[in-house]
Amino acid sequence: MKKLLTILLVGAMLLGLAACGGDKGGQQANNGGGTDEEKKETLVMATNAEFPPYEYWENNAIVGIDAEVAAAIADKLGMELRIDDMAFDATLVALQSGQANMVMAGMTVTPERQENVNFSEPYAEGHQVIIVKEDSTIATVEDLAGKKIGVQTNTTGDIYITDDLGDEAVARFNRGADAVMDLKNDKVDAVVIDLEPAKAFVAANEGLKILDTEYATEEYAIAINKNDTELLEKVNTALQELKDDGTLQQIIDTYIPAE
């Protein structure tokens, strides 16, 4: 199993700790000083830091839209943010078991997920797209029929392809990058994944392209334990304040410049 690494970020995030085996796991952002008596309560965010530009590792720290929005929320709540990195399908398990207070991982609101967790108000819009090789005969969503499609396990891409084409059409991966690698090696015919990480994968891998036809449009929100209605209310209030003062849009624009 993947071992968690906790990175303690003090002030400008100067100190990184490496766990046994070198696997990356989590980080903690200190949102202010004060004495030990004034130490802030910790807000634990579970994520899968393989989803640029929403969350990814850079210089031994988890950065991205979700990381910055979470930090801004924690600041408004007077809390200290800790981000734990794990497999995407483990994030909701961590939330339900009490190991995390919330999940931010480009998490799409779905009826199935709403049965188990509460969601905040949406804070961003996502688009599921199709990555293929440049010489692929796949040009539309309909062309995916009879093909092998790579997806990240338990993402909405996984849900859509399974529902639309059947389980036999799906090749599941813990990381989107692994699905893209199998596409390059002709082990799958296409990859269905969110637009922004798709852009990063295509930019980093010559010979791939994103089809003009989108697979689906979605809304991202923060998942919170159903028993923690107090936190849900506080997070929604903080989110609204970040929307109203322009902070949320400023964070998004930093990572996704208007085209």
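For the stretch 195-259, the set of trypsin sites (Lys or Arg not before Pro) satisfying both a DSSP loop assignment and a count of at most 16 other C-beta atoms within 10 Å is given as Lys226.
Rounded to the nearest 20 debye, the dipole magnitude of the stretch 46-198 is 240 debye, with +1 charges on Lys and Arg beta carbons, -1 on Asp and Glu beta carbons, and the Cα centre as origin.
Please identify every one of the GluC sites (Glu not before Pro) in the stretch 195-239 that sits in a loop by DSSP and has no more than 10 other beta carbons within 10 Å of its own beta carbon. Display every interim value, and only then the final one.
Values: sites: Glu206, Glu214, Glu218, Glu219, Glu230, Glu233; in loops: Glu206, Glu214.
Hits after loop and neighbour filter: Glu206.
Cα centroid separation, the stretch 208-259 to the stretch 190-207: 21 Å.
To the nearest 10, the accessible area of Thr162 is 40 Å² with a 1.4 Å probe.
Couplings 3J(HN,Hα) of the stretch 214-227, computed from phi: 7, 8, 6, 10, 9, 10, 8, 8, 9, 8, 9, 4, 4, 7 Hz, in residue order, whole Hz [Karplus 6.51 cos²θ - 1.76 cosθ + 1.60, θ = phi - 60°; x for Gly and Pro].
Remark: accessible surface ordering of Arg82, Arg113 (largest first) is Arg82, Arg113, probe radius 1.4 Å.
Could you work out what % of the accessible surface of the stretch 136-195 is carbon and sulfur, using a 1.4 angstrom probe and leaving DNA, RNA and ligands out of the count?
45 percent
For Met181, the solvent-accessible surface with a 1.4 Å probe is about 90 Å², rounded to the nearest 10.
The values are calculated or read from the model by the stated rules, or taken from the named source; none is laboratory data. Computed from a predicted model, the values in this text were never measured in an experiment. Every residue, glycine as well, gets a Cβ built from its backbone with ideal geometry; the counts of neighbours run over all protein chains shown. Heads up: the accessible areas ignore ligands, DNA and RNA and are worked out on the full protein's heavy atoms, side chains in. Shrake-Rupley method; radii C 1.70, N 1.55, O 1.52, S 1.80 Å.
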